[in-house]
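The values are calculated or read from the model by the stated rules, or taken from the named source; none is laboratory data. This structure is a prediction, so every number in the text was calculated from the model and none was measured. Cβ: placed from backbone, ideal geometry, glycine included. Neighbour counts: every protein chain shown. Just so you know, the surface numbers come from the protein's heavy atoms only, side chains and all, with ligands and any DNA or RNA stripped out. Shrake-Rupley method; radii C 1.70, N 1.55, O 1.52, S 1.80 Å.
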Amino acid sequence: MTQSAAAQKPPATPRRLDPEDAQHALAEVQERLRRQQLVADLVHRQEEGDSKASLVEDLVHRQHEAELKTLLDGLHPADIAFILESLPKDERQAIWKLVSPEHDADVLLEVEDWVRESLIEAMDRQDLVAATGNMDADELADLAPDLPPDVVAEVQKGLTEEERAQLLEAMGYPEDSVGAIMDFEMVRVREDVTLEVVLRYLRRLHELPDHTDQIFVVDRQDKLQGILPLSKLLVSEPETEVRAVMNSDFLTLNPLDSDADAAGAFERYDLVSAPVMDDQGRLIGRVTIADVVDVMREDSQEQALSRAGLQEEDIFAPVSTALRNRAPWLLFNLCTAATASFVASQFEGTVSQIVILAFLMSIVAGIGGNSGNQTMTLIIRALAMGRITGRNLWQLVKRELFVTLMVGLCGSLVAALFAWVISHSVSIALVMMAAMVCNMLVGASVGVLVPMVRARFGKDPAMGSSVLLTFATDSLGFFIFLGLATIFLL
């Protein structure tokens with residue numbers, strides 16, 4: 001029976017605030033920083049060399065720092081991370097210097113990657129070694145890409161052989177794999193011992209690893225034989241052997257599995273933890289619900305940004321960084337918008353003769369885009385959940401087109417009525433109706449094809465999808481509407 005030594009460390013975790021309280025703490029930090037800056041500005045307006053004014057500034061500055069430090073010391077590292085992510089870089093660095101050193105490691109693990117880089121840059125080598133020296137191997141592996149190589153090498157010297165091997169193993173797995181998110185804290189037992197022995201062993205531990213809902217049963221070669229749920233351990237007779245109550249039917253993960261697939265399994269089977277086995281059947285780690293929640297949150301954020309053609313960035317990043325992130329897809333969007341305008345310009349004669357068309361064509365383009373966006377959202381989610389296969393793809397496409405057609409017919413009746421009311425023309429109303437149905441079908445088709453094609457070539461199906469959809473529904477929407485108007489109204 002073994003357990004990671006890191007799990008035996010007593011935690012030093014301050015109270016956790018709820019999200020609303022964390023926002024109040026952020027507001028208080030910002031107010032104190034504002035007051036501090038106000039005092040500094042007032043002092044600088046005094047005559048240069050005024051020693052009394054400088055002394056006042058120094059005293060007020062120290063008082064504000066003491067108040068901020070007291071406030072930060074009472075916060076959970078996750079809440080400190082929230083505050084740091086919500087401040088401009090200069091203020092972030094000032095607050096980071098006031099964070100207690102014993103919380104440095106936890107805060108570095110909690111903050112987003114784009115904030116972590118700036119915090120690490122502000123720390124000297126000695127502070128980095130002190131902050132990371134007591135980290136578990138899996139936690140250190142998460143930070144290693146952002147740490148200076150000499151700091152990683154120094155920290156490795158303080159690890160045991162087992163911890164060093166775990167660190168190298170965790171660093172060797174791809175970023176989006178199960179191996180990259182698994183941890184090594186777990187309790188193992190043999191199948192030939194009684195539950196009383198297991199209970200005595202557990203009582204000798206300072207605490208169980210986080211999210212321990214089951215104990216792993218292994219043989220002498222660390223090959224996984226089964227799992228022992230804590231619920232069974234507590235309600236079974238102490239004289240019973242582990243093999244008699246352990247579960248032999250359980251879900252396992254491979255370190256090279258996708259972390260998104262693991263998240264799907266946790267959601268599907270309501271798991272709290274799951275063992276990770278290598279190809280030889282040996283237990284090498286576990287994934288917990290905490291790891292999975294992080295994966296799901298990151299995937300959700302990336303998907304939302306990708307659809308707008310963005311990558312994750314510091315909200316207070318320099319303008320040059322923001323331009324590099326946003327400009328490519330915005331320029332592409334400019335080209336697509338220009339194309340749509342060019343299409344509309346080819347029907348200048350039609351619009352000049354039937355001016356009302358200029359007011360109606362934006363409705364056709366907008367409804368087509370919204371319809372396609374609904375379809376695209378469903379497809380992207382289905383792809384993320386692994387629910388689309390070669391066998392059900394065509395069935396899905398037919399269903400989406402049929403649903404869009406039915407919705408389009410209903411919606412186009414309303415649009416046609418509106419067009420008739422403002423134009424007093426049945427012909428314009430019928431053209432409006434036909435164009436809207438056609439453009440909604442275009443939007444649904446693009447909403448299916450863009451994510452599927454990108455996924456087929458191994459690309460992020462959400463990246464720039466909204467931009468491409470808008471291009472298609474605007475350009476083709478104008479073309480269909482004005483083309484039909486040219487044919488049937490002139």
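Annotations
- Amide proton proximity set for residue 191, modelled H, under 5 Å, gap of 5+: 218
- Applying the criteria of a DSSP loop state and at most 14 other Cβ atoms within 10 Å to the trypsin sites (Lys or Arg not before Pro) of the stretch 213-281 yields 220.
- Simple Cβ-charge dipole of the chain, Lys/Arg +1 and Asp/Glu -1, about Cα centre, in debye nearest 20: 2440 debye
- Other residues whose C-beta falls under 14 angstrom from the C-beta of residue 29 contribute a net charge of -4, scoring Lys and Arg +1 and Asp and Glu -1.
- Built amide H within the under 5 Å cut-off of residue 177, gap 5+: 259
- Distance between the pseudo-spin-label points of residue 204 and residue 191 (7 Å out from Cα toward the beta carbon): 2.4 nm.
- Residue-count net charge about residue 269 - beta-carbon cut-off 13 Å; Lys, Arg +1, Asp, Glu -1: -4
- The stretch between residue 326 and residue 121 holds 71.3 nm of extra length on full extension. This uses 0.36 nm per residue minus the Cα-Cα distance.
- ³J(HN,Hα), Karplus 6.51/-1.76/1.60, whole Hz, each residue of the stretch 448-454, x for Gly, Pro: 8, 6, 4, x, 5, 5, 5
- Proximity of backbone amide H atoms, modeled 1.01 Å from N, is registered between residue 215 and 228, 230 at under 5 Å, excluding neighbours fewer than 5 places apart on the same chain.
- Taking θ as phi - 60° and the Karplus parameters 6.51, -1.76 and 1.60, the scalar couplings of the stretch 230-239 work out to 4, 4, 6, 4, 6, 9, 8, 5, x, 6 Hz in sequence order, x denoting glycine and proline.
- Counting heavy atoms of the protein chains alone, residue 206 has an accessible area of about 120 Å² for a 1.4 Å probe.
- Using R0 = 30 Å, the C-beta based FRET efficiency linking residue 392 and residue 304 works out to 0.70.
- Normalised contact order of the stretch 17-176, rounded percent, pairs of Cα under 8 Å and 6 or more residues apart: 18 percent
- Relative contact order computed over the chain (Cα-Cα under 8 Å; 6+ residues apart), in percent: 12 percent
- Rounded to the nearest 10 Å², the accessible area of residue 164 at probe 1.4 Å: 60 Å²
- Averaging Cα coordinates gives a centre for the stretch 374-441 and one for the stretch 215-241; these two points are 55 Å apart.
- Computed from Cα atoms, the angle from the helix 195-204 axis to the main principal axis of the chain rounds to 80 degrees.
- The chain - convex hull of alpha carbons, volume per residue in Å³: 224 Å³
- Simple spin-label estimate for residue 410 and residue 282 in nanometres, 7 Å along Cα-Cβ: 6.0 nm
- Pairwise centroid distance, computed over Cα atoms, of the stretch 466-490 with the stretch 315-367, Å: 13 Å
- Rounded to whole Hz, the Karplus (6.51, -1.76, 1.60) HN-Hα couplings of the stretch 289-299, x for glycine and proline: 4, 5, 5, 5, 4, 4, 4, 5, 5, 5, 5
- With a Förster radius of 25 Å applied to the C-beta separation of residue 236 and residue 102, the computed FRET efficiency comes to 0.05.
- When the alpha-carbon atoms of the stretch 186-306 are used, the pair Rg, Dmax equals 15.9, 56 angstrom.
- Accessible area in square angstrom per residue, the chain, 1.4 angstrom probe: 54 Å²
- Within the accessible area of the stretch 198-250, the carbon and sulfur atoms contribute 45%, probe 1.4 Å, all protein chains present.
- At R0 = 25 Å, FRET efficiency that the Cβ-Cβ distance of residue 62 and residue 90 yields, to 0.05: 0.85
- Share of carbon and sulfur in the accessible heavy-atom surface of the stretch 315-365 [1.4 Å probe, %]: 71 percent
- Average Cα contact separation per residue, the stretch 317-487, under 8 Å, 6 or more apart, as relative contact order %: 38 percent
- Using alpha carbons only: equivalent-ellipsoid semi-axes of the stretch 317-487, gyration tensor based, whole Å: 31, 23, 11
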